[in-house]
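Worksheet: the structure to be examined is printed underneath.
Throughout, read-outs are computed from the coordinates displayed, never taken from laboratory work. Predicted model only: the values in this text are computed from it and were never measured. Cβ sites come from the backbone with ideal geometry, for glycine too, and all protein chains shown count toward neighbours.
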Amino acid sequence: MAGLLAGCSTYPTWIPSSGPSTEQIQNASSIAAGAGIQIIDVSDSVARKILASQRLSLFSEVFGQKAQAGYFIGAGDVIEVSVWEAPPASLFSSGSVDPRSAPSTTRVTALPEQMVNSDGAINIPFVGQIKAGGRSPQQIEVDIVQRLKGKANQPQVLVRVIKNNTANVTVVGEVTSSTRMPLTARGERLLDALAAAGGVRQPVGKMTLQVTRGDTVQALPLDTIIRDPRQNIVLQPGDVVTSLFQPLSFTVLGATGKNEEINFEAQGISLAQALARSGGLQDARADAQGVFIFRLESPAAMDLGPNTPATTPEGKIPVIYKVNLKDPATFFVAQSFPVQNKDVLFVSNAPAAELQKFLSIVVSAIYPVTSVIGLTR
């Protein structure tokens, strides 16, 4: 009986099992219930193609590294204009004496604070309307001085931004305190904004930072930004920085050390790491040639050719990646093959383990009968 069963490829369906056998999974694409399922043997070329399709665009590539050239005033900013005249002061004679100058020398007049209007303009006595929007304070100073020549005696002008209402960055999400951080001529960077918001509320390894600039939205793991200074980009007015806590996990089932949902970092993990976190394969049960990753894969990660299978409503394709751990070269591939969020990692039972379970059931059924027969003799 044992010899006959050892030659069988399948066992009765009533034998307890943690899931399908290796042969049943391999036949999934040919049976009606599994129509459209793609079964792919994991190799170095497959791992490289998946890695290439999942590569995230870096902030330095999308937004560049060019720093903002100084601070530019915008509509809504509140500014103050101060004018100095050399003696004898004629135009702004009612101004106070500058305490930092020699006695009875220059006089300074601080004009009332004013907000830049919606047209980006301000009004200066004896000068009229001055364009301020989109210009730096130094450019406005030069313009006012030019217009005061011939009216004031050797005028000097200082423009100060009293309240910055336009050059701000908004920081929201999983931070200690959402905030609007004003930008200065220094050129604040991404991590400066995160620090201004009090830092993240979750472990750094599980956080993703998303930057929205106009119609462009890009995200990167916080770990990547910290390790690579090029990704700590210079921010621009109107940027929105969103700190995202996205718990990533995969589910492991079958002949492994433990069956459970396992969380992993935003940076991602490889198949080798996933197997290690699941306790590895059970030596007495596992089929090392029957390690499978069940995934709803993006078509961009696959070479489908002219025959494109049916996709899910989300545009995904059901794929089963088969891994043969009997091949030593596969352990190198497993170090680069990426595990994705919501993957199901399944290790099937070895045929010998199924045979052992079947024989145990047969023996447990026959032994009481033989015992009774022995007692009746």
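Quick notes
- Two-site FRET efficiency, E260 against F126, from Cβ-Cβ distance with R₀ of 56 Å, rounded to 0.05: 0.10
- Estimated from the Cβ-Cβ distance and a Förster radius of 56 angstrom, the FRET efficiency linking R227 and Q146 is about 0.65.
- For S136, distant residues with modelled amide H under 5 Å away: I73
- Inter-label distance for S177 and S364, nm, one decimal - labels placed 7 Å from Cα along Cα-to-Cβ: 6.4
- For K326, net neighbour charge (Lys/Arg +1, Asp/Glu -1) across residues whose Cβ lies under 14 Å away: -3
- Whole-Hz couplings from phi, Karplus 6.51/-1.76/1.60, listed for segment 140-150; x for Gly and Pro: 5, 4, 4, 5, 5, 4, 4, 7, 8, 4, x
- Chain lengthening between T170 and S43 when straightened (0.36 nm per residue, less Cα-Cα): 41.3 nm
- Per-residue HN-Hα couplings for segment 234-239 [Karplus 6.51, -1.76, 1.60; θ = phi - 60°; Hz; x = Gly/Pro]: 6, 7, 10, x, x, 5
- For V127, the shell of other residues with beta-carbons less than 13 Å away shows a net charge of +2, using +1 for Lys and Arg and -1 for Asp and Glu.
- In straight-distance terms, cross-link reach from K49 covers every one of the lysines whose alpha-carbon lies under 16 Å from its own, apart from those fewer than eight places away in the same chain; here that gives K322.
- Calculated FRET efficiency for the pair A110/A195, C-beta based, R₀ 51 Å, to 0.05: 0.90
- Under the Karplus curve 6.51 cos²θ - 1.76 cosθ + 1.60, θ = phi - 60°, whole-Hz ³J(HN,Hα) for segment 215-228, x wherever Gly or Pro sits: 8, 9, 10, 9, 10, 9, x, 4, 4, 5, 5, 6, 7, 10
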